[in-house]
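Read the figures in this text as sums done on the coordinates, not as results from a lab. Everything numeric in this text was worked out from a predicted model, so none of it was measured. Because the Cβ atoms are built from the backbone with ideal geometry, glycine has one as well, and the counts that use them run over all protein chains shown.
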Amino acid sequence: MIKKILVLALVVIVAVAGGLYYIGERSKPAPSYNRGPVAVVVAPVVSDIFTDKIEALGTTKANESVNLTTTVTAKIVKIDFTDGMTVRKGRILVELVSDAQRANLRSALANAVQQKRTLIRIRGLVRARTLPTAKLDDQTALYEKAKADVTVARSRLRDRRIIAPFDGRLGLRRVSPGALVTPGTVITTLDDLSVIKLDFTVPEEFLSTLKAGQTIIARSDAYPQLVFKGKVHDIDNRVDPVSRAVIVRAIIANDNRLLLPGMLMRVSLIKNRRRSVMIPEQALVTTADRKYVFLLQKDNRVKQQDVTIGRRRPGAVEILKGLKIGQRVVTEGTMKLHNDSKVVPVKSASSGKSDSSGKSNASGKSYSSGGGN
């Protein structure tokens with residue numbers, strides 16, 4: 001019984017002591033936020049070039065590309081090209097067995113010559129009224145048929161030759177002399193690599209901003225240090241109903257022949273380029289319901305200034321409303337500040353070398369757009 005009384009007394013003593021401590025702490029004056037100036041880093045609000053870009057992946061294609069094959073079944077008697085050779089339009093690359101076709105052409109030519117002579121003779125006799133006009137009509141028809149036979153014979157002989165349809169670079173040879181080829185057998189490939197077509201897809205929400213002539217920048221893992229520039233050539237007239245994207249085709253000059261068909265390239269489409277009001281990204285304070293910065297006043301006090309932001313890029317954010325060029329905002333030390341805090345700028349962090357008017361001497365580098373109001 002005595003132990004229970006002692007324990008109860010001890011509990012009461014502890015409760016009373018805790019209550020007295022709580023009352024004492026509540027009676028202490030609240031800490032003052034104005035005990036002294038806060039050291040902060042500030043940066044100017046500047047004007048800078050901001051470039052919107054659309055990022056996409058694209059596949060390269062040759063300006064002109066064809067698999068060289070034959071339309072007949074025959075043996076190869078001659079191959080007149082080497083792997084990777086650059087050829088001109090009209091060059092004969094492969095010849096097939098054509099003895100019968102050559103003979104048919106000679107026969108057709110001889111017949112055409114004979115029919116022409118007969119036509120000339122009959123025309124003279126008709127003028128002399130020795131033969132009726134119907135004979136002239138019959139011979140004229142025979143001569144026209146003879147000329148048609150020559151055309152057919154020449155076409156069949158032409159089918160026995162594989163001719164370059166345009167200027168370009170040949171691929172690897174896939175057949176040998178003496179091989180029997182059939183329609184569809186690929187002998188080699190021919191590509192016009194003077195320019196490269198780059199096809200990439202863009203979401204339909206950007207369709208209104210696309211137009212021919214826009215500048216694109218493309219990079220390839222094959223040449224990580226090189227940047228390839230081109231222009232939008234055309235936009236497909238259909239949107240894919242599954243992906244909700246449209247195919248855009250750009251043209252890239254390929255004078256040094258570095259780019260080949262089938263390469264994967266990362267494409268940056270420059271959509272918009274304008275001068276904007278910019279601040280360092282770390283100066284922006286974001287809460288659940290507002291975005292603001294600490295704006296430095298003339299008396300070295302700061303003001304919570306609400307802002308409307310636009311696009312972002314690494315290290316910087318565009319300000320659409322709330323700030324003017326030349327003002328200064330706090331970039332480091334914002335966690336210690338509240339409205340009307342006294343501050344001491346220890347140094348100025350610049351987001352770009354500024355002239356006296358507050359405009360930055362930016363190099364105009366472009367980044368992916370982002371952010372929003």
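Hey, can you tell me all the residues within the stretch 46-78 that are surrounded by 17 or more Cβ atoms within 10 Å (Cβ to Cβ) and of a type in the set (Asp, Glu)?
Asp48, Asp52
Looking at this structure, is Ile319 surrounded by fewer than 18 Cβ atoms within 10 Å (Cβ to Cβ), not acidic (Asp, Glu) and not in a loop (DSSP other than H, G, I, E, B)?
Numbers: surrounded by fewer than 18 Cβ atoms within 10 Å (Cβ to Cβ): no; not acidic (Asp, Glu): yes; not in a loop (DSSP other than H, G, I, E, B): yes.
So Ile319 fails the test.
Considering only the stretch 128-241, give the strands (runs of 3 or more DSSP E) lying wholly within it that have at least 2 residues that are within 30 Å of Leu109 (Cβ to Cβ).
Details: elements: 161-163, 168-170, 188-203, 215-220, 223-239.
Because the criterion is at least 2 residues that are within 30 Å of Leu109 (Cβ to Cβ), the strands (runs of 3 or more DSSP E) in the stretch 128-241 that meet it are 161-163.
Those residues that are under 30 Å from Ala218 (Cβ atoms) and among the acidic types (Asp, Glu), I need them from the stretch 262-303; list them, please.
Once the filter is applied, which keeps residues that are under 30 Å from Ala218 (Cβ atoms) and among the acidic types (Asp, Glu), the stretch 262-303 yields only Glu281.
Restricting to the stretch 175-232, count the residues that are surrounded by 16 or more Cβ atoms within 10 Å (Cβ to Cβ) and basic (Lys, Arg).
Within the stretch 175-232, residues that are surrounded by 16 or more Cβ atoms within 10 Å (Cβ to Cβ) and basic (Lys, Arg) number 1.
Just checking, which of Ala179, Ala218 is farther than 16 Å from Ser268 by Cα and in contact with a strand residue (DSSP E or B) (Cβ under 6 Å, 6 or more places away or on another chain)?
Details: Ala218 fails: farther than 16 Å from Ser268 by Cα.
None of the other options fit; the residue is Ala179.
Only one of (1) touching a Ser or Thr at 6+ places or on another chain (Cβ under 6 Å); (2) farther than 30 Å from Asp221 by Cα; (3) assigned to a loop (DSSP other than H, G, I, E, B) is not met by Leu259, so which one is it?
(2)
Report, ordered by the first and then the second residue, all pairs with beta carbons closer than 6 Å, sequence separation of six or more or different chains, a first member in the stretch 93-118 that is under 20 Å from Ala141 (Cα atoms), and a second member that is of a type in the set (Gly, Ala, Ser) and assigned to a helix (DSSP H, G or I).
Final answer for the pair search is Leu105/Ala153; Ala108/Ala153; Asn111/Ala146; Ala112/Ala146; Gln115/Ala146.
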